[in-house]
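Scroll down for the structure; my scribbles are underneath it.
The values are calculated or read from the model by the stated rules, or taken from the named source; none is laboratory data. Since we're looking at a predicted model, the values are computed, not measured. Because the Cβ atoms are built from the backbone with ideal geometry, glycine has one as well, and the counts that use them run over all protein chains shown. What goes into the accessible areas is simple: the full protein's heavy atoms, side chains included, and nothing from ligands, DNA or RNA. Shrake-Rupley method; radii C 1.70, N 1.55, O 1.52, S 1.80 Å.
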Amino acid sequence: PGGNIYSLKDGGTYQNMSGTSMAAPQITGMAALVAQYIRENDLAEQTGLTTRQLAQSLLMSTAEPMVEDYGKDGDGYYPVLRQGAGLANVANAVTSGTYILMDEGANAGKVKVELGDDPARTGKYSFGFTIHNLEDEAAYFDLSADFFTQSLMSSDGVYFEDTWTDPVASNVKWTVE
């Protein structure tokens, strides 16, 4: 939400507008619905998290990444700057049965990983996360990973404006405990 929202403009007229000012009301409403779900099910007490932390984890970790054929090499992710964690979905958030939090370090307690800089140019990064189960039955997952960065140039040759997301070649090793 937040793109091409038909909204009131100065002077009492309407126009299509985009941006965080357009997204904030919808995301706020979604967060309120997820917070209500958390309170009604005593999930903050069960998890030891604040309602805000748990609502953020549920909304971000169940968001659906937005993909579009933008004429480069087929399908690609929308820019992170344009979509954040993806398209939030309240139904996904309140029916997921699990939530994710990053382990140790600068990412601890967050939903996303920021790998940061690699001054030694080793090309090796590691991070840990825990998938927490909210239900009384076993949960199973098929793990996969996509690594990407913002393009340095958009498909039309303009630097740092409206850039797309470029995949980063990676070898992923999972250690499951």
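Among the residues making up segment 1-23, those that are in a helix (DSSP H, G or I) and either free of Cβ contacts under 8 Å to residues at least 12 places away in the same chain or open to solvent by 60 Å² or more (accessible area, probe 1.4 Å) (or both) are ASP10, GLY11, GLY12, THR20, SER21. Scanning segment 27-41 for residues that are open to solvent by 90 Å² or more (accessible area, probe 1.4 Å) and in contact (Cβ under 8 Å) with a residue 40 or more places away in the chain yields a total of 1. In segment 114-140, of all residues being without any contact (Cβ under 8 Å) to a residue 12 or more places away in the chain and within 18 Å of the chain's Cα centre (by Cα), the one that is most open to solvent (accessible area, probe 1.4 Å) corresponds to GLU114. Among the residues of segment 109-159 satisfying the criterion of being among the β-branched types (Val, Ile, Thr) and under 17 Å from MET60 (Cβ atoms), which is modelled with the lowest pLDDT? Ranking the candidates gives VAL113 first. When the criteria are applied in full, VAL111 fails the requirement of being open to solvent by less than 70 Å² (accessible area, probe 1.4 Å), closer than 23 Å to LEU33 by Cβ and part of a helix (DSSP H, G or I).
Yes/no matrix, rows are residues, columns are (1) touching a Gly at 6+ places or on another chain (Cβ under 8 Å); (2) polar (S, T, N, Q):
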position: LEU54; (1), (2): no, no
position: LEU59; (1), (2): no, no
position: MET66; (1), (2): yes, no
position: TYR78; (1), (2): no, no
position: ALA106; (1), (2): yes, no
position: GLY109; (1), (2): no, no
position: GLY123; (1), (2): no, no
position: SER126; (1), (2): no, yes
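For ALA44, are the conditions met, namely being surrounded by 12 or more Cβ atoms within 10 Å (Cβ to Cβ), within 23 Å of LYS112 (Cα to Cα) and over 18 Å from the mean Cα position of the chain (by Cα)? Criteria met by ALA44. Of the residues that make up segment 80-95, is at least one touching an Asp or Glu at 6+ places or on another chain (Cβ under 8 Å), polar (S, T, N, Q) and open to solvent by 40 Å² or more (accessible area, probe 1.4 Å)? For segment 80-95, residues touching an Asp or Glu at 6+ places or on another chain (Cβ under 8 Å), polar (S, T, N, Q) and open to solvent by 40 Å² or more (accessible area, probe 1.4 Å): present. Checking each residue in segment 54-83 for being part of a loop (DSSP other than H, G, I, E, B) and at pLDDT 90 or above picks out THR62, ALA63. Taken over segment 88-129, residues that are under 22 Å from MET66 (Cβ atoms) and acidic (Asp, Glu) amount to 1.
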